[in-house]
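Student: Shown below is the structure under consideration.
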Amino acid sequence: MKATAIAPANIAFIKYWGRSNHEKFLPLSTTNSMNLASCTAKTTVEFATNYEHDEIVIIAPNTKGEILQPQDGDKSAELFKTLERLRQLAGVEYKARVRSELNFPFKAGIASSAAGMAAFATAVLTALDKRELVADLKELSRQVRLVGSVSAARSVADGFTEAILTADQTDCYVEQIAGPDHWDLVDVVAVVGEQQKKTSTSQGHLLAETSPFLPARIEYLQAETIKLASDRLVNRAEAVKQSILNKDFDMLASLSETDALNMHSVMITSTPPVFYLSPGSVKLIELVWNLRQQGLPVFFTFDAGPNAHLITLKKHAAELEKILQATEFVQYTISNEAGVGVRLVSEHLF
Ligand code: PMV
């Protein structure tokens, strides 16, 4: 009873921050993203009689091999709970060994949990022979979300994807917006710090409710105020989707930067405040605005960490990387084209 899956991290254009239902991990709105081809997690799960307890180990460039404990909080507790829940669903009693290898820093705002949880849920369900839940993309995305993350669910489909919150707010599932070859966007991640974040995103989603700006964010996400070329008025998630389908870089840039700043405004105004950006992040925002004024198509977005995701077109990616690598506060860059979603593979980690 062993299975291995590889899943990509992703970068959100309309972000998921705060939830409409914490037990079911439902977001406050539809969110969308692009998979990152070069930032992946590979996870092997085995259920066997000789394991006395569940063991989960994460290996990443900024960890020495972290053995997760159920009481660690953050996402760890959810991983152990999921093992128990899915074991019961499959009618199995064996304990599990889980090993996950990330090829990029863990908990540094590059969606390590998205990649990790998508690979984890897919491998667990396959190892438990619940293949019908893996074969159906919508159902797999629900299963991934229920591990504890809407952003992880977005890593299930290939390319550009959206996690759709249903109108009655009782369900959220993922659909593809466009495949990875649809648009040659590149996300150059400018790493300014590899430290693990002090406030986990799990805590952050709860703290969002303490921000007086959260109601304003919900209204801003729901309002149908963005005018498309067809004169149709749509909300921001739909406008991002249309900008991807139409390959409208300027529109995506404007919607995406605005959303990142809006989300960080909620974070900063929570009690206690959650401040993920660093001086290097702010300098990169300034750099991006200057580069854009000079004619380089580029925009920024940030998740829950200081590292900037700088989105450009493939033909400008090398130039952008060169500029960033010569920038004092950038430690290194990771260039990502749009990638495929989660995959089962036959080469196991143990
Ligand atoms: O998936 P979580 O619970 O780690 O939340 C991540 C949320 C952000 O990365 C900050 C935004 C997003 O939509 O990816």
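Where a number appears in this text, it was derived from the coordinates with a stated rule and is not lab data. Predicted, not measured: the structure shown is a model, and the values here were computed from it. Cβ sites come from the backbone with ideal geometry, for glycine too, and all protein chains shown count toward neighbours.
Student: Taking the Cα centre of segment 2-181 as the origin, how large is its charge dipole in debye, to the nearest 20, when only Lys and Arg (+1) and Asp and Glu (-1) carry charge on their Cβ atoms?
Tutor: Values: 20 positive and 22 negative charges, 48 e Å.
Magnitude of the dipole: close to 240 debye.
Student: Go through 148-160, 229-241 and give me the packing order, highest mean Cβ count within 10 Å leading.
Tutor: Per-residue mean Cβ counts within 10 Å order the peptides as 148-160, 229-241.
Student: Can I ask one more? Mind checking which of ILE6, HIS205, GLN71 is farthest towards the positive end of the chain's charge dipole, using Cβ charges of +1 (Lys, Arg) and -1 (Asp, Glu) about the Cα centre?
Tutor: GLN71
Student: Rounded to the nearest 10 degrees, what's the angle between the helix 137-148 long axis and the longest principal axis of the chain, both from Cα atoms, 0 to 90?
Tutor: Relative to the chain, helix 137-148 is tipped by roughly 80 degrees.
Student: Under the rule of at least 5 residues apart or a separate chain, name every residue whose amide H is placed under 5 Å from the amide H of ALA41.
Tutor: ALA7, ALA9
Student: Pairs LYS107/LYS138; LYS64/LYS95; LYS24/LYS107; LYS2/LYS197; LYS42/LYS247; LYS198/LYS241: which are spaced more than 29 Å apart, C-alpha to C-alpha?
Tutor: LYS2/LYS197; LYS42/LYS247; LYS198/LYS241
Student: PHE13's amide H: which non-local residues (gap 5+, or another chain) put their own amide H closer than 5 Å, with H modeled 1.01 Å from N in plane and none for Pro or chain starts?
Tutor: Residues meeting the amide H criterion: ASN32, SER33, MET34.
Student: Treat every Asp and Glu Cβ in the chain as -1 and every Lys and Arg Cβ as +1, leave all other atoms uncharged, and give the resulting dipole magnitude about the Cα centre to the nearest 20 debye.
Tutor: 220
Student: Ranked by Cβ crowding within 10 angstrom, fewest neighbours first, how are LYS107, LYS130 ordered?
Tutor: The fewest-first ordering by Cβ neighbours comes to LYS130, LYS107.
Student: Let me ask something else. Any chance you could give the angle, 0 to 90 degrees and rounded to 10, that helix 279-293 forms with the longest Cα principal axis of the chain?
Tutor: 50
Student: To make sure I understand, if each residue's beta carbon is the centre and we count other beta carbons within 10 Å, what order do PHE350, PHE213 fall in, fewest to most?
Tutor: If I rank by nearby Cβ atoms, fewest first, I get PHE350, PHE213.
Student: Let me ask you something else. Under 5 Å between amide hydrogens, which residues at least 5 positions from ASN62 or on another chain qualify, with H placed 1.01 Å from N in the peptide plane?
Tutor: It is PHE106, by chain and number.
Student: Moving on to the next point. Where Lys and Arg each count +1 and Asp and Glu each count -1, what net charge lies around PRO279 among other residues with Cβ under 12 Å from its Cβ? Working shown, then result.
Tutor: Numbers: positive: LYS283; negative: GLU286, GLU328.
Once positives and negatives cancel, what remains is -1.
Student: Related question: May I ask you to sort PHE275, PHE47 by Cβ crowding, counting other Cβ atoms within 10 Å and putting the fewest first?
Tutor: Values: PHE275 13, PHE47 24.
By the 10 Å Cβ count, ascending: PHE275, PHE47.
Student: Let me ask something else about it. For a quick size check, give me the Cα extents of segment 1-103 along its three principal axes, largest first, whole Å.
Tutor: Taking max minus min along each principal axis of the Cα atoms, segment 1-103 gives 45, 32, 24 Å.
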